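To start, the structure itself, in structure tokens.
The values are calculated or read from the model by the stated rules, or taken from the named source; none is laboratory data. Everything numeric in this text was worked out from a predicted model, so none of it was measured. Note that each Cβ is placed from the backbone with ideal geometry, even for glycine, and that neighbours are counted across all protein chains shown.
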Amino acid sequence: MDRCIVLVDAGYLLGAAASLLAGEPSRSRITVDHTALIQGLRERAESDTQQPLLRIYWFDGAPDRVPQPEHRRLRVMPRVTVRLGALTRSDGRWAQKGVDAAMHAELTELARNRACSDVVLVTGDGDLLPGMMAAKEHGVAVHLWAVQAADGDYNQSEDLVAEADERRVLDRAWITKAVRAKEHTGVCAPQPAPRPEIAAILSAPLPEAALAAATERPAPQPQHPAADAGQNGAEERVPAPKGVPTPKDLAALRAPGTQAAQQPASATLRWSSDKGWVDRPTAEPPEAASMPTLAQLTTAEQRWADREEDITTVGGDPFEVGQVFARRWVERLGDQGHLQKLSGMYPRIPHRVDGELLRYAARFGLLAHKDDQIDERDRYAIRAGFWKEIGVRTGVEHAPVGE
């Protein structure tokens, strides 16, 4: 077949680009215009091989092989196929598993089936040498592309370079058409751009009641050394007094037969943020329980259309995910009075709706892969996106908490 195929090792391409532009191989140091990058790869491949493009295979790693937002954008582009290996963390560093094996299998299968006349490999890993040799034996011309190395460092296997039929270098001028270095912030991973909506949720002040409780809290009394010693003479650890009850503490207050059960039933949960504590009753207002979930408002046809939109349109940015969820919820809400009730609960989303929102966000690979929880910053962004869309739909700008 007189056509070309491009196999891209994303870890090599983007890692080498980060080294070239930002001075270190961390992909968090660069921003990538994937549309421009794919278009650049296609044009360069067709120019170098003088053959029309059949397909670009994008090989990358992802935690638990769950597609990340960039993979979701890539896999719906024309002529692009995404293949994911595992991404594991060891000794504080991320490492890809299975990507090289997948590239090797794809390369040999394409060559064996004579699916193309030319293959472009964007990689530096010598593990692909057997696959490259097998492809050549099947009559496929192999083009090896390198990313211009930073500070003269060699970033490709010499065996690959020696075995390739043709070799080209993607220089800085070509790379910068689609890749930019982020501004240096003095930390390894630059902080994302601040959003006023997230700042509003984080600006909850410390209530006067909590301040008073903290002020009146008695200092712990020193214990006699003899009282702190166990039978074996080891010192027992005395737990620090708690000023704010946790959900576990509140459960203990209701436990029958305990001294804590005699305590007043007016204890409250306090929601934490980096600005302080926000008092909230243990029981939600009655109107919260009556609010329907998105699942209850969605028909089977709408569920299919939602999935189609998620796959083909929604990139997976946490803020965007919150907006999409809120848009669907509002559009399908029959009783618009629920919106006014919801606005009065700002910035807290009713538990049933909030749980459904976070489960929806988990589809987009937003789990931090530590105890299968969504990262705290992403949770704030998801909820801020939700409230932003609610504000647009109701015409109500939600002021920062405490104003």
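A few comments on the model shown:
- Checking every residue in the stretch 79-89 against the condition of being among the aliphatic types (A, V, I, L, M) and over 30 Å from the mean Cα position of the chain (by Cα) gives zero matches.
- Filter result for the condition that a residue is assigned to a helix (DSSP H, G or I) and either over 17 Å from H143 (Cβ atoms) or not assigned by TED's automatic domain parsing to the domain that holds T313 (or both), over A95, A45: A45
- Selection status of L144, surrounded by 16 or more Cβ atoms within 10 Å (Cβ to Cβ), in a helix (DSSP H, G or I), in contact with a helix residue (DSSP H, G or I) (Cβ under 8 Å, 6 or more places away or on another chain) and not aromatic (F, W, Y): no
- Residue match in the stretch 302-311 (condition: surrounded by 14 or more Cβ atoms within 10 Å (Cβ to Cβ), within 23 Å of the chain's Cα centre (by Cα) and in contact (Cβ under 8 Å) with a residue 40 or more places away in the chain): yes
- Subset of the stretch 107-128 [in a loop (DSSP other than H, G, I, E, B) and basic (K, R)]: R114
For (1) small (G, A, S); (2) under 21 Å from L129 (Cβ atoms); (3) in the same structural domain as V142 (by TED's automatic domain parsing), each residue gets a yes or a no:
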site: Y12; (1), (2), (3): no, yes, yes
site: G15; (1), (2), (3): yes, yes, yes
site: R27; (1), (2), (3): no, no, yes
site: A36; (1), (2), (3): yes, no, yes
site: P63; (1), (2), (3): no, no, yes
site: V66; (1), (2), (3): no, no, yes
site: P69; (1), (2), (3): no, no, yes
site: T88; (1), (2), (3): no, no, yes
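- Residue check, D33 touching a residue at least 60 places away in the same chain (Cβ under 8 Å), within 30 Å of N113 (Cβ to Cβ) and of a type in the set (D, E, K, R): no
- Between A36, A18, the distinction of being assigned to a helix (DSSP H, G or I) and at pLDDT 95 or above belongs to A36 only.
- Across the stretch 114-121, not a single residue is classified as of a type in the set (D, E, K, R), under 29 Å from the mean Cα position of the chain (by Cα) and either modelled with pLDDT of 90 or more or surrounded by fewer than 15 Cβ atoms within 10 Å (Cβ to Cβ) (or both).
For (1) of a type outside the set (K, R); (2) within 16 Å of V8 (Cα to Cα), each residue gets a yes or a no:
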site	(1), (2)
W58	yes, yes
R75	no, yes
R112	no, no
D118	yes, yes
G124	yes, yes
G131	yes, yes
V147	yes, yes
E163	yes, no
